[in-house]
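Report on the structure given below.
The values are calculated or read from the model by the stated rules, or taken from the named source; none is laboratory data. As the structure is a computational prediction, the values presented were derived from the model and not from experiment. In this analysis, Cβ positions are derived from the backbone assuming ideal geometry, glycine residues included, and neighbour counts consider all displayed protein chains.
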Amino acid sequence: MWSQVYLPYIKFDTFSLYPVMLRPESIGYIELRSTNPYDPPIIDPKYLTHPKDIASMVDAMKICIAVGLTPPYRKMKSRLLETVFPGCEHYLMWSDEYLACVARTFTSTLYHPVGTAKMGAPWDPTAVVDPELRVLGGVKGLRVADGSVMPKVVSGNTNAPIIMIGERVSDMIKGINLPRYDPATAKRMADYWNDIDRKFFDPNNDPTNFD
């Protein structure tokens, strides 16, 4: 695909705008390949099988196209690729159907798979670990503390949340509980972040003024 789509532009200055699916609705599955624990499991992520994911990708791609054709980019003589993506030739170029085809054939993953050992209630048939990350199903003395326990992927890099999971499970093992919820503290934190939002994102305010 690279040689067909991008090679014709190799001598040109180019840029790319890539949308990222942060909250996918598609759900895959994992199952054992055999009784041999050294055999890798069978994993089918079922990417883009939910119609809402395709619709979201199409909307995001249209936004990227619109941004790339705004006046600031047009001043740099920006234009869309004229090469049709292989496999999508029978769709009208840049139509929703064409973009959906491109999404299905060109989308790739981005380093952060999660959820293969989902945390959940003991009665949840899809859960692998309980809320204290102890393995369910009669297994004793074993916990899982990595990105696999996330029931859903977070909207961002998974590194910090995974570190948090490790820190939290270490407290659980040592019997250290979180402090009790304090509504007054929660309100102060909410007011603090609302003030940050107002100062930095309200166009009527000067973000350099911290009075």
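Some notes on this structure:
- Screening Ile162 with (1) touching a residue at least 24 places away in the same chain (Cβ under 8 Å); (2) surrounded by 17 or more Cβ atoms within 10 Å (Cβ to Cβ); (3) closer than 22 Å to Arg23 by Cβ; (4) in contact with a helix residue (DSSP H, G or I) (Cβ under 9 Å, 6 or more places away or on another chain) gives one miss only, at (1).
- Hey, Gly156 closer than 20 Å to Ser26 by Cβ, touching an Asp or Glu at 6+ places or on another chain (Cβ under 8 Å) and surrounded by fewer than 18 Cβ atoms within 10 Å (Cβ to Cβ) or not: no
- Residues satisfying the stated conditions in segment 40-51, i.e. surrounded by fewer than 12 Cβ atoms within 10 Å (Cβ to Cβ) and within 14 Å of Leu99 (Cα to Cα): Pro51
- Among the candidates Lys11, Lys62, Lys52, Lys46, residue that is basic (Lys, Arg) and in contact with a Ser or Thr (Cβ under 7 Å, 6 or more places away or on another chain): Lys46
- One residue stands out among those in segment 82-93 that are touching a helix residue (DSSP H, G or I) at 6+ places or on another chain (Cβ under 7 Å) and surrounded by 10 or more Cβ atoms within 10 Å (Cβ to Cβ): the one that is farthest from Tyr47 (Cα to Cα), which is Thr83.
- Of the set (1) polar (S, T, N, Q); (2) modelled with pLDDT of 90 or more; (3) out of contact with any helix residue (DSSP H, G or I) (no Cβ under 9 Å at 6 or more places or on another chain), all apply to Gln4 but (2).
- First in segment 97-122 and assigned by TED's automatic domain parsing to the domain that holds Asp44 and part of a loop (DSSP other than H, G, I, E, B), second anywhere and at pLDDT below 90 and among the acidic types (Asp, Glu), Cβ under 9 Å, 6 or more apart: none
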